[in-house]
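Undergrad: Take this structure, written in C-alpha cells, and hold onto it; I'll ask about it next.
The values are calculated or read from the model by the stated rules, or taken from the named source; none is laboratory data. Note that the coordinates shown come from a computational prediction; the quantities given were computed from them, not determined experimentally. FYI the Cβ positions are ideal-geometry reconstructions off the backbone, even for glycines, and counts take in every protein chain you see. Ligands, DNA and RNA are excluded from the accessible area calculation, which covers all protein heavy atoms including side chains. Shrake-Rupley method; radii C 1.70, N 1.55, O 1.52, S 1.80 Å.
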Amino acid sequence: MAFISPEQIEQFQHDGFTIARGVVTGAALDAMRQQLEDWVEESRSHSGNWGTCLDGKARFDLEGGHRADHPRLRRISNPVEISEPYRHALFESAIPDHVADCIGPDVKFHHCKVNVKLPGTDTEVGWHQDHAFDPHTNDSMVTTLLFLVDIDEEMGPLLVAPGSQRTPFSHYQGDDFVGMVDATTQQELNSRAIPMTGKAGDLVIMHTWMAHGGGPNLTNRPRALMICDYTAADAFPLKGPAMPSRYYGRVVRGKATRFARLKERIIEVPENYEDDSFFGLQGQKTAAE
Ligand SMILES: O=C(O)CCC(=O)C(=O)O
C-alpha cells in the first residue's frame, strides 16, 4: 500500500520535499505533546544544558537567556532514547512507511531530535543541508519533520528552497566547519524560500541535500518539530554520526544489507564539533555560556 501519492513522489523527486497531512494523530500525538510540555516544565529547574547523550554531550539544549520564568529549551537530542511516545512515532507509526515510499523499502533509523522555538526566544536556523553533517556512500536519505503543533508563517517555520537538493554547498568557512552555507548563499536561498506551514500531525519529508533554514518565532505560541533522519539500508556512513544514538542503524522497514551502494561524487567531510547542538556550532548563544 502506498502512503504517499504519485504527485507527492514527483514533488519529492523534483523539488526535494513533500508534505503529508495528518500522519500522526489522536492519542499518539497527544502523548508526544504532553511529553514535550513536561520537558519544558523540567527545564525551569535548570540553568544550563543538562542530561547526557551517548557521546557525552548534553541531551537538553537551552538558548542563552534561559530562566525559570522564561524557559528557552530549544532542542532535545534523540528523544527516542528516553520517551516511549517518541520511540513509537519513529519506529511504529506511518512515518517510516512514508519514508519507504520515497527512498525504497529497506529503511534504517539514523538519529532524531525535537526542535523548539518557544515564545520570546531568538533561535534561528542558518541555511544548511543535512547530508553535509552526515555524509554517506549514497544519498537515498531523508529528513522527516513532524509538526507537534499547528505552525503558521509567523512562528519561525522551516524554510526550504525547492531544487536546492541538486547543489551540494560547502559548510566550511575557511578551514572551519561552521554547519551552514556562506552569507551570499543564505541570502539567495532566503529569496526563494517556501515556508512549511500546517497542522499538528503533518509531516514534511525532505531530501538529505535539501537546503533549509528558518527565522525566530514571532508569536506567543510555541513552535515544535520532531525531526528524524532515515537512510536506505544500503547507505553506509562515511564517518560516525554527528548525533549518535543507541538505535543508530536500526532497520525500521524492510531488511538489512551488508552491501553498500556507492554514488560517485565529491563530498566535503565535516569536522567533529564540541557544541551540544548545531545551534552553538552556528554561533548562537547557549545558556551554559
Ligand atoms: O527547526 C527547524 O525548523 C529546522 C531545524 C534543522 O534544520 C535542524 O535542526 O537541522
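Undergrad: Given a 1.4 angstrom probe, what's the average accessible area per residue across the chain, in square angstrom?
TA: Spelled out: the 1.4 Å probe surface of the chain, per residue, equals 43 Å².
Undergrad: Pick out, in residue order, every one of the trypsin sites (Lys or Arg not before Pro) in region 212-289 that is DSSP loop and has at most 16 other C-beta atoms within 10 Å; say none if there are none.
TA: Lys239, Arg246, Arg250, Lys255, Arg258, Arg261, Lys263, Arg265, Lys285
Undergrad: Read phi for every residue in region 240-254 and hand back ³J(HN,Hα) as whole Hz from Karplus 6.51 cos²θ - 1.76 cosθ + 1.60, θ = phi - 60°, with x for Gly and Pro.
TA: Running phi through 6.51 cos²θ - 1.76 cosθ + 1.60 with θ = phi - 60° gives x, x, 4, 9, x, 9, 6, 9, 3, x, 5, 7, 9, 8, x Hz.
Undergrad: Ordering Thr257, Thr137 by how much accessible area each has at a 1.4 Å probe, largest first, what is the list?
TA: These residues rank, largest area first, as Thr257, Thr137.
Undergrad: Moving on. Provide the FRET efficiency to the nearest 0.05 for the Thr25-Glu124 pair, computing r from the beta carbons and using R0 = 35 Å.
TA: Working from the Cβ atoms, E equals 0.75.
Undergrad: Using only the alpha carbons, work out the radius of gyration and Dmax of region 100-155 in angstrom.
TA: 14.5, 42
Undergrad: Here's another thing I want to ask about it. At a Förster radius of 30 Å, what calculated FRET efficiency corresponds to the Cβ-Cβ distance of Arg67 and Thr167, to the nearest 0.05?
TA: 0.15
Undergrad: Can you tell me which lysines have their Cα less than 18 Å from the Cα of Lys255? Leave out same-chain residues fewer than eight positions away.
TA: Correct list for Lys255: Lys108.
Undergrad: Accessible surface of Asp229 in the full protein assembly, 1.4 angstrom probe, to the nearest 10 Å²?
TA: For Asp229, the solvent-accessible surface is approximately 10 Å².
Undergrad: Quick one: which of Lys113/Lys263; Lys117/Lys263; Lys57/Lys117 span more than 32 angstrom between C-alpha atoms?
TA: Checking Cα-Cα distances, Lys117/Lys263 exceed 32 Å.
Undergrad: Something else about it: At 222 nm, what helix-only mean residue ellipticity would the chain give, in deg cm²/dmol to the nearest 500, using -39500 (n - 2.57) for each DSSP H run of four or more?
TA: -6000 deg cm²/dmol
Undergrad: Rounded to whole Hz and in sequence order, give me ³J(HN,Hα) for region 152-163 from the Karplus expression 6.51 cos²θ - 1.76 cosθ + 1.60, θ = phi - 60°, writing x for Gly and Pro.
TA: Once rounded to whole Hz, the list reads 10, 5, 7, 9, x, x, 4, 10, 10, 10, x, x.
Undergrad: Probe 1.4 Å, all protein chains in place: accessible area of Ile9 in Å², nearest 10?
TA: Using a 1.4 Å probe on the heavy atoms, I get roughly 40 Å².
Undergrad: Please get the size of the charge dipole for the chain, origin at its Cα centre, with Cβ charges of +1 on Lys and Arg and -1 on Asp and Glu, quoted in debye to the nearest 20.
TA: Computed about the Cα centre, the dipole is about 560 debye.
Undergrad: Could you tell me what percent of the accessible area of region 1-121 is made up of carbon and sulfur, with a 1.4 Å probe and every protein chain present?
TA: 51
Undergrad: Just in region 163-206: which trypsin sites (Lys or Arg not before Pro) are loop by DSSP and have at most 14 other Cβ atoms within 10 Å?
TA: For trypsin sites (Lys or Arg not before Pro) across region 163-206 that sit outside H, G, I, E and B with at most 14 neighbouring Cβ atoms in 10 Å, the list reads Arg192, Lys199.
Undergrad: Spelling out what I want: for every residue of region 139-150, take phi, set θ = phi - 60°, compute 6.51 cos²θ - 1.76 cosθ + 1.60 (Karplus), and round to whole Hz; glycine and proline get x.
TA: The phi angles translate into 10, 7, 8, 9, 10, 9, 10, 8, 6, 8, 9, 5 Hz.
Undergrad: So how compact is region 6-270: Cα radius of gyration and Dmax in angstrom?
TA: My reading of the Cα-based Rg and Dmax gives 17.5, 52 Å.
Undergrad: Obtain the radius of gyration and the Kirkwood radius of region 173-281 from its C-alpha atoms and give Rg over Rh.
TA: Rg divided by Rh gives 0.97.
Undergrad: Need one value: the accessible area of Asp234 in square angstrom, 1.4 angstrom probe, rounded to the nearest 10.
TA: Roll a 1.4 Å probe over it and Asp234 shows about 40 Å².
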